[in-house]
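Asks: Dumping the structure here so I can ask a few things about it.
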Amino acid sequence: MNAAQALLLTALGLASASAQGGSFVYFGTYTGRQSKGIYVSRFDAGKLSEPVLAGELSNPSFLAVHPNGRVLYAVSEMREGTVAAFAIDPATGQLAKIGERSSGGSGPCYLSVDHSGRVLMVANYNSGTLEALALDKNGNFGDGTFTVAHHGSSVNPQRQRGPHAHSIDPSPDNRFAIADDLGMDKVMVYRLNTEKPALEPNEPPAFDVKPGSGPRHFAFAPNGKFAYVISELASTVTALAWDGERGKLTEVQTVSTLPEDFQGQSTAAEIAVHPSGKFVYGSNRGHDSIAVFAVDGAKGTLKPVERVPSGGSVPRGFAVDPSGRWLIAANQQSNNAVLFRIDKKTGKLTPSGTTLAIGSPVSVLLVAAGK
């Protein structure tokens, strides 16, 4: 069997499986000799198919999906950054580009869609800027844009000489947008205006993490009462109480993602809350592990459960499937993705035995098939 025949059989397998439900799993990558863009696998009943190229784009390092499930967005992490919109083929998971816009800065590394599907929000790492782009009713780009420029620095001379916006997410009620800035050691809070669109100053304007921490990614608990920020430079997770009326974050606890006796170099990357709200997961690049924490539902505090080898090198992104039974981790440096089973009682991870070969995978996105 030649490469073309193998590719055709895999695509037919994706199409056949889509009739049975399940999800498409999209992998954002850094492009080069081993990657040409965004790759897709079929995930159903614990089975993960071999990935195929779904859409070509330079350095699509982070992905998001519209609430309608029919449009996928990707950053193009370049000096002159852009964001692209793709229509999802519901039968095969293949992507057709329907639009591309400036990201409003340099080095876009994160994007999300507000819950109404009217605004795409982008974090630009190199320039320390945020961009809000209007979306039409179908999820394509509209006419309005809005840019916020961060100003500030912190104590790490190598990584924090200026602002580095690293993520932006809507609050559960869609009234606010929360943005981590690694360079400023701040979790910024903005009032989200989906009509213009606009990111408007809030009072209080930010939560300050410990100097030198480098906040990277942010996740709300399902109950909307707590949130968690993972800090890249300090390798910590900070549990926060969320006041949804004022848009205020208050620290509850900060814990390390690393073992107490770890002596090497490591940086934290992704964070996710289990759909049940009972567990939090974070990735360690260097220690090459996924840290598992149990959540006290009443207090929002975290208790370390285990740190599991990620099955590769530099686990940058991962995702938990909506059923809460599976976690898919992308190992950037070892060019692979690994499927883990989740024990729904303890949160513990067990390798399933499935490992996929993908060039420089850096983010994982699950999208329900057949929408």
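Asks: Can you give the longest stretch of the chain with no exposed loop site, where a site means GluC sites (Glu not before Pro) in a DSSP loop (not H, G, I, E or B) with at most 12 other C-beta atoms within 10 Å? Intermediate values should be presented prior to the final figure.
Replies: Working: sites that count: 80, 195, 245, 260.
Maximal segment without exposed cleavage sites: 81-194.
Asks: Assuming R0 = 41 Å, can you tell me the calculated FRET efficiency for the pair residue 79 and residue 303, based on Cβ-Cβ distance, to the nearest 0.05?
Replies: 0.45
Asks: Then there is this: Of 146, 293, 220, which has the largest mean-square fluctuation in a 10 Å C-alpha GNM of the chain?
Replies: 146
Asks: If contacts are Cα pairs under 8 angstrom and at least 6 residues apart, what is the relative contact order of segment 141-296 in percent?
Replies: Working: 393 pairs, mean separation 22.7, N = 156.
Relative contact order for segment 141-296 comes out at 15 percent.
Asks: What order do you get for 262-269, 155-162, 363-370 when each peptide is scored by the mean count of other beta carbon atoms within 10 Å, highest first?
Replies: Values: 262-269: 16.2, 155-162: 13.5, 363-370: 20.6.
By packing density, highest mean first, the sequence is 363-370, 262-269, 155-162.
Asks: Spin-label point model (7 Å from Cα, Cβ direction): what's the residue 53 to residue 100 distance in nm?
Replies: 1.5 nm
Asks: I've got another one for you. How far, in nm, would the chain grow between residue 368 and residue 333 when pulled straight, counting 0.36 nm per residue and subtracting the alpha carbon separation? Spell out each step's value before the answer.
Replies: Working: separation 35, 0.36 × 35 = 12.60 nm, distance 2.79 nm.
So the extension gain works out to 9.8 nm.
Asks: Here is a follow-up. Which value in deg cm²/dmol, rounded to the nearest 500, describes the helix-derived mean residue ellipticity at 222 nm for the chain, given -39,500 (n - 2.57) per DSSP H run of n ≥ 4 and division by the residue count? Before the final figure, lay out the partial values.
Replies: Values: 1 runs with 16 residues, N = 371.
That calculation yields -1500 deg cm²/dmol at 222 nm.
Asks: Place a label point 7 angstrom from the Cα of residue 91 along the Cα-to-Cβ direction, then list the residues of segment 43-59 whose backbone nitrogen is under 11 Å away.
Replies: none
Asks: Which distance in nm do the two modelled labels at residue 243 and residue 174 give, with both placed 7 Å along the Cα-to-Cβ direction?
Replies: Using points 7 Å along Cα→Cβ, the separation is 2.5 nm.
Asks: In 10 Å bins starting at zero, report the fraction of Cα pairs in segment 3-368 per bin as a rounded %.
Replies: 6, 26, 36, 26, 6, 0
Asks: Once Rh for segment 83-193 is found with the Kirkwood sum over Cα pairs, what is the Stokes-Einstein diffusion coefficient at 4 °C and 1.567 mPa s, in µm²/s?
Replies: Estimated diffusion coefficient is 89 µm²/s.
Asks: Label-point separation (nm) for residue 193 and residue 68, each offset 7 Å from Cα along Cα-to-Cβ?
Replies: Placing both labels 7 Å beyond Cα along the Cβ direction yields 2.6 nm.
Asks: How high is the relative contact order of the chain, given as a whole-number percent (alpha carbon pairs under 8 Å, six or more residues apart)?
Replies: Numbers: 1147 pairs, mean separation 45.8, N = 371.
About 12 percent, as a whole number.
Asks: Continuing with the same structure: What is the calculated FRET efficiency for residue 313 to residue 263, with r their C-beta to C-beta distance and R₀ = 22 Å, to the nearest 0.05?
Replies: On the way: r = 18 Å, r/R0 = 0.82.
With R0 = 22 Å, the Cβ-Cβ based efficiency is 0.75.
Values in this text are rule-based calculations from the coordinates and carry no lab data. Note that the coordinates shown come from a computational prediction; the quantities given were computed from them, not determined experimentally. Reconstructed Cβ throughout: ideal geometry from the backbone, glycine too, with neighbour counts over all protein chains shown.
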